[in-house]
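Below is one structure; the comments refer to it alone.
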């Protein structure tokens, strides 16, 4: 029981740490690689957070969730990077750039979650 709790804590604090490092590096470094720091951190630490639940899934669910996870984690930073580049070029967002970026991030996350939920509902209809 202690090992499972430790995995959950490492996963949770690992994701939070990567998020904080990504935010801080985005403020000071001005590099286009900052979303990838968060992406790699989530790719490593998120499965640890759900380890106990992951063990109860069937082989089919594990494979499908793994494929979705890799696709989503690799797609989101690309979408964010391209969207932020487009926003920087549009004059209407210049005064509200931070708000526009947060709304865009929220929109991307909601859309990706809705698509994944709908796909999972159709794939796992019999389970």
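What are the extents of the Cα atoms of the stretch 1-56 along their three principal axes, listed from largest to smallest and rounded to whole Å?
Dimensions of the stretch 1-56 along the principal axes of its Cα atoms: 42, 17, 9 Å.
Distance from the Cα centre of the stretch 1-44 to that of the stretch 92-127, in angstrom?
Using only Cα atoms, the two centres lie 20 Å from each other.
What do you get for the angle between helix 59-89 and the principal long axis of the chain? Use alpha-carbon atoms, 0 to 90 degrees, nearest ten.
Helix 59-89 sits roughly 0 degrees off the main axis of the chain.
Calculate how steeply helix 97-123 sits against the longest principal axis of the alpha-carbon atoms of the chain, using the helix alpha-carbon long axis, and give the answer as 0 to 90 degrees to the nearest 10.
30 degrees
Among (i) 50, 35, 19; (ii) 50, 33, 28; (iii) 39, 34, 29, which is the computed Cα extents along the principal axes in Å?
Checked against the structure: label (i).
We did not get these values from a lab; they are worked out from the coordinates using the rules stated. Small disclaimer: the values here were computed from a predicted structure and weren't measured.
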